[in-house]
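Here's the structure, in structure tokens; my notes come after.
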């Protein structure tokens with residue numbers, strides 16, 4: 001169930017760029033994203049700095065994967081948009 005949140009100002013500050021692993025850790029930063037700029041460049045650089053070499057985009061299109069490639073060409077992107085592409089992604093990752 002969605003939690004109601006009052007937005008008092010269009011500028012709430014910059015959200016963090018760290019990787020979050022639990023629902024409790026994700027909740028507030030996700031709410032912060034509603035009223036803050038997206039920090040996609042910093043996010044992709046943080047992912048690469050942690051040693052990732054493959055990034056998966058889920059959903060139709062490849063917009064985020066295309067932006068990622070402009071930021072860091074060393075990263076490989078895998079786009080998942082249907083059961084067949086999910087199967088292909090899993091094969092690629094497990095190879």
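Can you give me the number of residues within the stretch 34-50 that are over 17 Å from residue 19 (Cβ atoms) and surrounded by 15 or more Cβ atoms within 10 Å (Cβ to Cβ)?
2
Among the residues of the stretch 32-67, how many are within 20 Å of residue 95 (Cβ to Cβ), touching a strand residue (DSSP E or B) at 6+ places or on another chain (Cβ under 8 Å) and part of a loop (DSSP other than H, G, I, E, B)?
Step one: list which residues in the stretch 32-67 are within 20 Å of residue 95 (Cβ to Cβ), which gives 51-58, 65.
Okay, now just the ones that are also touching a strand residue (DSSP E or B) at 6+ places or on another chain (Cβ under 8 Å), so 53-58, 65.
Okay, now just the ones that are also part of a loop (DSSP other than H, G, I, E, B), so 53.
Number satisfying all stated conditions: 1.
So in the stretch 68-95, with the set limited to residues that are in a helix (DSSP H, G or I) and touching a helix residue (DSSP H, G or I) at 6+ places or on another chain (Cβ under 6 Å), which one is surrounded by the most Cβ atoms within 10 Å (Cβ to Cβ)?
Filtering the stretch 68-95 down to residues in a helix (DSSP H, G or I) leaves 68-71, 83-94.
With touching a helix residue (DSSP H, G or I) at 6+ places or on another chain (Cβ under 6 Å) added as a condition, the list becomes 68, 71.
On the way: 68: 22, 71: 15.
Looking at residues that are in a helix (DSSP H, G or I) and touching a helix residue (DSSP H, G or I) at 6+ places or on another chain (Cβ under 6 Å), I get 68.
Being closer than 22 Å to residue 19 by Cβ and exposed (fewer than 14 other Cβ atoms within 10 Å of the Cβ) is the filter here, so list the residues in the stretch 51-67 that pass it.
51, 53, 54, 58, 59, 63, 66
Read-outs throughout are calculated quantities, based only on the coordinates presented, and are distinct from any laboratory measurement. The shown structure was predicted, so the numbers you read here are calculated from the model rather than taken from an experiment. Cβ: placed from backbone, ideal geometry, glycine included. Neighbour counts: every protein chain shown.
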